[in-house]
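Colleague: Okay, here's the structure, questions in a sec.
The values are calculated or read from the model by the stated rules, or taken from the named source; none is laboratory data. Predicted model, so just to flag it, every value in this text is computed and none were measured. In this analysis, Cβ positions are derived from the backbone assuming ideal geometry, glycine residues included, and neighbour counts consider all displayed protein chains. All accessible areas refer to the heavy atoms of the entire protein, side chains included, with ligands and DNA or RNA removed. Shrake-Rupley method; radii C 1.70, N 1.55, O 1.52, S 1.80 Å.
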Amino acid sequence: LRLDGVPMFGEDDAFRGMLFLLQDITAIRRLENMRSEFVANVSHELKTPVAAVKGFAETLLGGGVKDEELARSFLQIIYDESERLNRLISDILDLSKIESKRSPMDYAPIHLASFCSSIMDTIETVAKKKRIMLHSNIPEELFVEADEDKLRQILINLLSNAVSYTQDGGKVELIIQDCQDAEGTEKVLIKVSDTGIGIPKKDQPRIFERFYRVDKGRSRSSGGTGLGLSIVKHLVDQHHGEISVESELGIGTTFTVELPMLQD
Ligand code: ADP
């Protein structure tokens, strides 16, 4: 609580009394803490790839270029870390745009079968490299009212995580169905399942937080930024939808997104 007091004077400059303001600043403080924690996280996340780029470049400049094989592997690291920086910056910008509500919704009816088939084609390239089988099941007649770019980002983030966190030779599936909730509202259920490494029970409630990763090393080596799922959560919220996760270690994971079929 914060207490502020100011003396009050009348027109004749005589003291009339005090005005006290008692404010509950818990919410403001919490917001300030969250903001400074975010800035600290962002700085840390940006510093790691920058330090790697700098370190490997220094070694090359200090004579490492003479060994061609070594130089190539260092240049590859510098290239990969720059790519990571790029992804980080664009994810941070996306997140801050969504969080500050500077990203209005542009609803349109979307034919899910054709929309998803182009997304599956994009994911196919990565999946092929890991011999991961991609499968989708989407009723031909299904439409949803959504923001096309945002729905694309939701699906791409979930599907690329599924591919990243699944071993070679595994399976990733996209299933979409329609259903009605208890009030009779029409919904679209989007399920992204994989036969991957799974998420421990204790981590499941936290994976939608910014920069939260179950295994930092694995996320880094798969090129992750730790922001994908928190972006997904925000985009689902913007559509007035819900997202949930079911997962078993070593068996696989299913993310379910529930969106209203029509927006009011
Ligand atoms: P990242 O960029 O690290 O993938 P995300 O926000 O997309 O960040 O995901 C947060 C964490 O949740 C990941 O680091 C990973 O540990 C876990 N995760 C997300 N999707 C899956 C999945 N399909 N299978 C297993 N773990 C997952």
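Colleague: Can you confirm whether ARG102 is charged (D, E, K, R) and over 30 Å from GLN263 (Cβ atoms)? Talk me through it step by step, then tell me what you get.
Modeller: Values: charged (D, E, K, R): yes; over 30 Å from GLN263 (Cβ atoms): no.
Here the answer is no, as ARG102 does not meet what is asked.
Colleague: Out of the range 210-256, which residues are open to solvent by less than 20 Å² (accessible area, probe 1.4 Å) and more than 19 Å from TYR165 (Cα to Cα)?
Modeller: Matches in the range 210-256: LEU235, VAL236, HIS239, GLY241.
Colleague: Would you check which residues across the range 91-103 are of a type in the set (Lys, Arg) and not in a loop (DSSP other than H, G, I, E, B) and list them?
Modeller: Once the filter is applied, which keeps residues that are of a type in the set (Lys, Arg) and not in a loop (DSSP other than H, G, I, E, B), the range 91-103 yields only LYS97.
Colleague: Is the range 219-235 home to any residue that is out of contact with any Pro (no Cβ under 6 Å at 6 or more places or on another chain) and over 19 Å from ILE156 (Cβ atoms)?
Modeller: Yes, the range 219-235 contains a residue that is out of contact with any Pro (no Cβ under 6 Å at 6 or more places or on another chain) and over 19 Å from ILE156 (Cβ atoms).
Colleague: Go through (1) among the acidic types (Asp, Glu); (2) surrounded by fewer than 18 Cβ atoms within 10 Å (Cβ to Cβ); (3) within 11 Å of the ligand (Cβ to nearest atom) one by one and return the number of the condition ASP194 breaks.
Modeller: (2)
Colleague: Is there a residue in the range 151-158 that is within 22 Å of LEU88 (Cβ to Cβ) and in contact with a strand residue (DSSP E or B) (Cβ under 7 Å, 6 or more places away or on another chain)? Explain how you work it out, then say what you get.
Modeller: Pass one, the range 151-158, residues within 22 Å of LEU88 (Cβ to Cβ): 152-158.
So of that shortlist, the ones also in contact with a strand residue (DSSP E or B) (Cβ under 7 Å, 6 or more places away or on another chain) come out as 154, 158.
Yes, some residue in the range 151-158 is within 22 Å of LEU88 (Cβ to Cβ) and in contact with a strand residue (DSSP E or B) (Cβ under 7 Å, 6 or more places away or on another chain).
Colleague: For residues that are open to solvent by 40 Å² or more (accessible area, probe 1.4 Å) and under 18 Å from GLY228 (Cα atoms), tally how many sit in the range 116-159.
Modeller: The total comes to 7.
Colleague: Name the residues in the range 197-209 that are of a type in the set (Asp, Glu) and either open to solvent by 70 Å² or more (accessible area, probe 1.4 Å) or touching a residue at least 12 places away in the same chain (Cβ under 8 Å) (or both), would you?
Modeller: GLU209 - this is the single residue of the range 197-209 that is of a type in the set (Asp, Glu) and either open to solvent by 70 Å² or more (accessible area, probe 1.4 Å) or touching a residue at least 12 places away in the same chain (Cβ under 8 Å) (or both).
Colleague: Okay, moving on. Of the conditions (1) over 19 Å from LEU142 (Cβ atoms); (2) in a strand (DSSP E or B); (3) in contact with a Gly (Cβ under 7 Å, 6 or more places away or on another chain), SER219 fails just one. Which one is it?
Modeller: Of the numbered conditions (1) over 19 Å from LEU142 (Cβ atoms); (2) in a strand (DSSP E or B); (3) in contact with a Gly (Cβ under 7 Å, 6 or more places away or on another chain), the odd one out for SER219 is (2).
Colleague: Separate question: Mind counting the residues in the range 160-186 that are closer than 30 Å to LEU262 by Cβ and either open to solvent by 30 Å² or more (accessible area, probe 1.4 Å) or within 13 Å of the ligand (Cβ to nearest atom) (or both)? Can you show your working first?
Modeller: Step one: list which residues in the range 160-186 are closer than 30 Å to LEU262 by Cβ, which gives 160-162, 172-186.
Then drop every residue that is not either open to solvent by 30 Å² or more (accessible area, probe 1.4 Å) or within 13 Å of the ligand (Cβ to nearest atom) (or both), which leaves 160-162, 172-175, 177-186.
Matching residues across the range 160-186 total 17.
Colleague: Checking LEU112 against (1) open to solvent by less than 80 Å² (accessible area, probe 1.4 Å); (2) under 19 Å from the mean Cα position of the chain (by Cα), which single condition isn't satisfied?
Modeller: Here LEU112 meets the rest and fails (2).
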